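Asks: After the C-alpha cells below, expect a handful of questions from me.
Rule-based calculations on the coordinates, nothing more; no lab input. Predicted model, so just to flag it, every value in this text is computed and none were measured. Here Cβ is always computed from backbone atoms with ideal geometry, including for glycine, and neighbour counts include all displayed protein chains.
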Amino acid sequence: MKTLRLILGDQLNADHTWFQKVDDQYIYAMFEMRQETDYVRHHIQKVIGFFAAMRNFASELRNRGHQVIYYQINDKKNTQSLHKNLLKIIREEDIDHFEYLLPDEYRLDEQLQKFCDNLRLSYSSFDTEHFYTSRDELAHFFKGKKQYLMESFYRYMRKKHQILMEGSQPEGGKWNYDQSNRKKWNGKPAVPRAISFENEVGDIVRDIQDSGIETIGEWSGDIFSFPITKHQALVQLDYFCQYLLPHFGDYQDALHTEEEYLFHSRLSFAMNTKILSPKIVIEKALSHFREHRDSILISQVEGFIRQIIGWREYMRGIYWMEMPGYATKNILENYHPLPEFYWSGKTRMNCLATSIGNSLDNAYAHHIQRLMITGNFALLAQVHPDEVDKWYLGVYIDAIEWVEITNTRGMSQYADGGIIATKPYVSSASYINKMGNYCQNCSYDRSKRLGEDACPFNSLYWNFLYDKKDKLQNNRRMGMMYNLLSKIPETELDQIRERAQKIISDPDGF
Ligand SMILES: Cc1cc2nc3c(=O)[nH]c(=O)nc-3n(C[C@H](O)[C@H](O)[C@H](O)COP(=O)(O)OP(=O)(O)OC[C@H]3O[C@@H](n4cnc5c(N)ncnc54)[C@H](O)[C@@H]3O)c2cc1C
Ligand code: SF4
C-alpha cells in the first residue's frame, strides 16, 4: 500500500520508529509554507532555524535511503497550504493511505483532523515519540482536583520515571531546591563563552528575502549558530553539562546586562523541534552529575531536571487539557496595547531595553528576562494578553504555541486566573534590583515611586494591585501585598495612580 507520511517542521525526531526501516512503500513529505511563516510575524532567526533544521532533516532521511518530497518556500509546485500540498502529492503519486504524526499545536491538529475527515483514503496518526507524557496524562493525573500544582505533577514524574530517586524518596532528601536557585550573579564564576555552530544559511536567507515573508528582529551574516542537527544538539548538550550545569541552579533566576545567556542551556530550539529528545537530555545530565558528584551539587541538576520533566511536560499537558478556550482567556480584563518599544527595544528603562534588545538580536532571552522583565511590565501595564502572546510567539526561536501560550498567557500574564501560577508574577523595582545589575545604569531611580525619574515599575505595581483588587485580594498569596497597599496614604496612592496612567499611555516619553 503506497503511503504518504507527513512530517511537520517541529517533528524532526530522527529516532522515530517510522525511520527505523527503509521501505519504498513510504513517501515522506515536508513543506516550508506561508501558512506557517505568516500566522504570526516571526523573528528572522526563527524562520531561518526552522528551514535550516528541516532541510537538514530531509537530506539526512534521503541519505538513509528514505524517499522524501520536500517543498522549499519558493518552489513553483508549493501551494503554501498544507492540505493543498498534501492533495497534490496524493494525486500525483497515486497514494493509497495517509499517515501523520500528532501535531503539538491545536491549530494544526484541527487542520489535519478536518483534512482527514474529508479524505477519500484511509489514514492513521502516530505519536511523535518525543515527550515523557501522552497528551492527556496530566488531565488524568489532576482529574477531580481543584488546583493543578506543577509541584505535585513534578513529584509524580520523578517517581514514575525514577529520576533523582532513592526508592520512593527524593535523592538528597528534598524534592525541590528552588530556594537555592536564586543567587545574584556578580561577575563570578566566569560564564563560559556560549557554544555556537557554523551553519551556512545564506541560501535560506535569500529564499526568505525573495519570498517576501515579513519578519522581525535582527540578522547579519550567513552563519546560524543554534544547533540544527542531532549531532550539533548533542555537542551543545555535552557542553552544557560540562561547563554550565555546575552553576545552572544557582544562577537560574539571575539577570545581568553583560551576559545574555548566563548558565542557561539554549537547548529549547533543539528540543522543541524534536531534534533532541528530552529523555536524552535528562539521561546525560544525570550521568554527568553522577560522574562529577564532587564538583556538582544536587541543587544544580535538580533545578535543571525540574524545568524539563516538570515545567515542560506540565505546560504541554495544561495546553491539551485547556485548549481551545485557553487561547482567549483574559480573566484580569486587560485591554491596553503593547508598548511600541517591544518592537524596537528603544526605552530608557534599562531592564527592558536589555531584555528586549537580547530578544531582537538573538531570538532568545532567558526565563527570568521573559517572566520578570518583559512579562512583568506587560502585566503591570495591563496589556491585552492577545498582544502579549503575539509578541512572544513571534520573537523567540523556541516559540511554539503549546509552550509559548501556557508560559505567556498563563504563567506570565495570569490571564487564566491561576490555572498555572498560584499568583501573578508581578514585582516592583526591588526584585529586579535584587536579582541583577540593570538598575545600576538606568535613567530611572529604582527607589522612587513618584517624580519624573521614578522607576515606572514602582507606580505601575501599586496601581496594578489597586486596579485588580476585586480579582486578587482574596488570593492568600497576595495577602501581604494588599496589606502593604492599604498602608499607602490615600493622597500618595492617588499620585501613584496618576503617574501609572501616564506611563501606560506614554511609557517613557519616546
Ligand atoms: C513569558 C514566557 C514565554 C515563554 N515562551 C517559551 C516558548 O515559546 N518556548 C519555550 O520553549 N519556552 C518558553 N518559555 C520558557 C523558558 O523561558 C524557555 O524554555 C527557556 O528560556 C529556553 O531557554 P534555555 O533552553 O536556555 O532554557 P534553560 O534555562 O537552560 O532550561 C532548560 C530547558 O527547560 C525547559 N524549560 C525551562 N523553563 C520552562 C518553562 N517555563 N516551560 C517549559 N519549558 C521550560 C526548556 O525546554 C529549556 O530548554 C517562556 C517563558 C516565559 C516566562
Ligand atoms: S530602575 Fe526600574 S526601569 Fe530601571 S532597570 Fe531598574 S527596574 Fe528597570
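Asks: With a/c under 1.5 counting as rounded, go ahead and sort the chain into rounded, prolate or oblate using the C-alpha gyration tensor (a ≥ b ≥ c being the square roots of the eigenvalues; past the cut-off, prolate if a/b is larger than b/c, else oblate). Could you put the intermediate results ahead of the total?
Replies: Values: a/c = 1.69, a/b = 1.50, b/c = 1.13.
It is prolate, given that a/c is not under 1.5 and a/b is the larger ratio.
Asks: Treating only the Cβ atoms of Lys and Arg (+1) and Asp and Glu (-1) as charged, compute the dipole magnitude of the chain about its Cα centre; round to the nearest 20 debye.
Replies: Dipole size: approximately 1440 debye.
Asks: For the range 126-141 and the range 328-363, what is the centre-to-centre distance using only Cα atoms, to the nearest Å?
Replies: Spelled out, the Cα-based centre of one part sits 33 Å from the other.
Asks: Here's something else I'd like to know. Tell me, how many Å apart are the Cα centres for the range 373-441 and for the range 1-59?
Replies: Cα centres, the range 373-441 to the range 1-59: 31 Å.
Asks: Something else about it: Shape call for the range 278-421 from the C-alpha gyration tensor, a ≥ b ≥ c root eigenvalues: rounded (a/c under 1.5), prolate (a/b greater than b/c) or oblate?
Replies: Because a/c hits 1.5 or more and a/b fails to exceed b/c, the range 278-421 counts as oblate.
Asks: Restricting things to Cα coordinates, could you compute the convex hull volume per residue of the range 103-171 in Å³?
Replies: Roughly 132 Å³ of hull volume per residue.
Asks: How would you rank 215-228, 383-396, highest first, on the average number of other Cβ atoms within 10 Å across their residues? Before the final figure, lay out the partial values.
Replies: Values: 215-228: 18.3, 383-396: 21.4.
Highest-to-lowest ranking by the protection proxy: 383-396, 215-228.
Asks: For the range 240-348, what class follows from the C-alpha gyration tensor (a ≥ b ≥ c being the square roots of its eigenvalues): rounded when a/c is under 1.5, otherwise prolate if a/b is larger than b/c, else oblate?
Replies: Oblate shape, in that a/c is at least 1.5 and b/c is the bigger or equal ratio.
Asks: For helix 385-395, what angle does its Cα long axis make with the longest principal axis of the chain, in degrees from 0 to 90 and rounded to 10?
Replies: The answer is roughly 60 degrees.
Asks: Something else about it: Under 8 Å for C-alpha pairs, at least 6 residues apart: give me the relative contact order for the chain, rounded to a whole percent. Spell out each step's value before the answer.
Replies: Working: 781 pairs, mean separation 82.2, N = 510.
Value for the chain: 16 percent.
Asks: Then there is this: Antiparallel DSSP bridges in the chain: what percent, to the nearest 5?
Replies: Among the beta bridges of the chain, antiparallel pairing accounts for roughly 15 percent.
Asks: Nearest 10 degrees, 0 to 90: what angle lies between the long axis of helix 202-211 and the longest principal axis of the chain (Cα atoms)?
Replies: Its long axis makes an angle of about 80 degrees.
Asks: Put +1 on the Cβ of each Lys and Arg and -1 on the Cβ of each Asp and Glu in the chain; which of THR229, GLN113, MET481 then has its Cα farthest toward the positive end of the dipole?
Replies: Positive-most Cα among the choices belongs to MET481.
Asks: Continuing with this model, one more query. Using a 10 Å cut-off on Cβ atoms, rank the peptides 445-454, 250-259 from the highest mean neighbour count down.
Replies: 250-259, 445-454
Asks: Okay, next question. Select from ILE204, LEU245, LEU493 the residue farthest towards the positive end of the dipole of the chain; place +1 on Cβ of Lys and Arg, -1 on Cβ of Asp and Glu, and compute about the Cα centre.
Replies: LEU493
Asks: For ASP445, which sequence-distant residues (separation of 5 or more, or a different chain) have an amide H within less than 5 Å of its own amide H, given hydrogens modelled in the peptide plane?
Replies: It is ALA454, CYS455, by chain and number.
Asks: Mean shadow of the range 133-236, computed from the convex hull of its alpha carbons, in nm²?
Replies: 12.7 nm²
Asks: Using only Cα atoms and rounding to the nearest 10 degrees, what angle (0 to 90) does helix 230-239 make with the longest principal axis of the chain?
Replies: So the helix axis and the longest Cα principal axis differ by about 30 degrees.
Asks: In the range 326-444, with Lys and Arg counted as +1 and Asp and Glu as -1 at Cβ, which of these residues, GLY410, LEU360, GLY436, has the Cα nearest the positive end of the dipole, that is, farthest along it?
Replies: About the Cα centre, the residue reaching furthest to the positive side is GLY436.
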